[in-house]
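Presented below is the structure to which this report refers.
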Amino acid sequence: MMALLKFFFVFFRIGLFTFGGGYAMIPMIRQEMTLGGYLTVDQVNQFIGIAESTPGPFAINMATFAGYHSYGIWGSVFATLGVVLPSFIIILLIAYFSDKFIKTRPVQTILSYLKPVILGLILSAGIGVLLHAILGDYFEEITFDYKALIIFLCVFISSKVFKKLSPIHLVLLSALLGLIVYAL
């Protein structure tokens, strides 16, 4: 029973500390499942494919499959409840405090800073799965790309300084910076 509770809290943390939907959860799911010894990197990638191809929300499918693989039917129940409960609690609190809370300047500021983070998490997950699919075990030996960080920071700062830039302009700015930075 303690192992199931620990597993529940692993997915509760994943549900609580990741924003942007199921795809944004992939890096944290991968880290928690592999470091906790619940799944291998290959199994996580296989479950991503399975969760993608089955009906329903991606994060719930991932939690259910990982829970079932690790602890059977009770593992799937505990993991699914763990990943869903934080969102449910947060939505209930937001609904209770409603418009007054959402429209406050601090909340709007926090949400504006979370948008690029969510984009980064989703891109990280997609690139990670792609690299692992192409390179296999060599993926773990890839080093940190500081040039990509420079591009990200430039685009992020530009989006804050020039608030009227559309996403298309940000993508074009990213492409231009990529050409410049990687040509050096």
Spin-label point model (7 Å from Cα, Cβ direction): what's the Ile150 to Ile118 distance in nm? 3.0 nm
If you take the charge dipole of the chain about its Cα centre, with +1 on Lys and Arg Cβ and -1 on Asp and Glu Cβ, which of Leu39, Ala183, Leu130 is farthest toward its positive end? Ala183
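Among the listed pairs Lys115/Lys164; Lys100/Lys164; Lys115/Lys160; Lys115/Lys163, give every one whose C-alpha distance is greater than 22 Å.
Lys100/Lys164
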Please state the charge dipole magnitude for the chain, taken about the Cα centre, from unit charges on C-beta atoms (+1 on K and R, -1 on D and E), reported in debye and rounded to the nearest 20. 960 debye
Give the Rg/Rh ratio for the chain, taking Rg as the radius of gyration of the Cα atoms and Rh as the Kirkwood radius, to two decimals. 1.02
Rounded to a whole number, what % of the accessible area of segment 11-72 do carbon and sulfur atoms account for, probe 1.4 Å? 63 percent
Shape category assigned to segment 1-107 from the gyration tensor of Cα positions, a/c cut at 1.5: prolate
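Per residue, how large is the accessible surface of segment 57-120? Use a 1.4 angstrom probe and give square angstrom.
Heavy-atom SASA per residue in segment 57-120 reads 66 Å².
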Taking only the alpha-carbon atoms of segment 5-49, the convex hull volume per residue, in cubic angstrom, is 64 Å³
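The values are calculated or read from the model by the stated rules, or taken from the named source; none is laboratory data. Remember, it's a predicted structure, so these values are computed and weren't measured experimentally. Because the Cβ atoms are built from the backbone with ideal geometry, glycine has one as well, and the counts that use them run over all protein chains shown. Note: areas computed on protein heavy atoms with side chains; ligands, DNA, RNA excluded. Shrake-Rupley method; radii C 1.70, N 1.55, O 1.52, S 1.80 Å.
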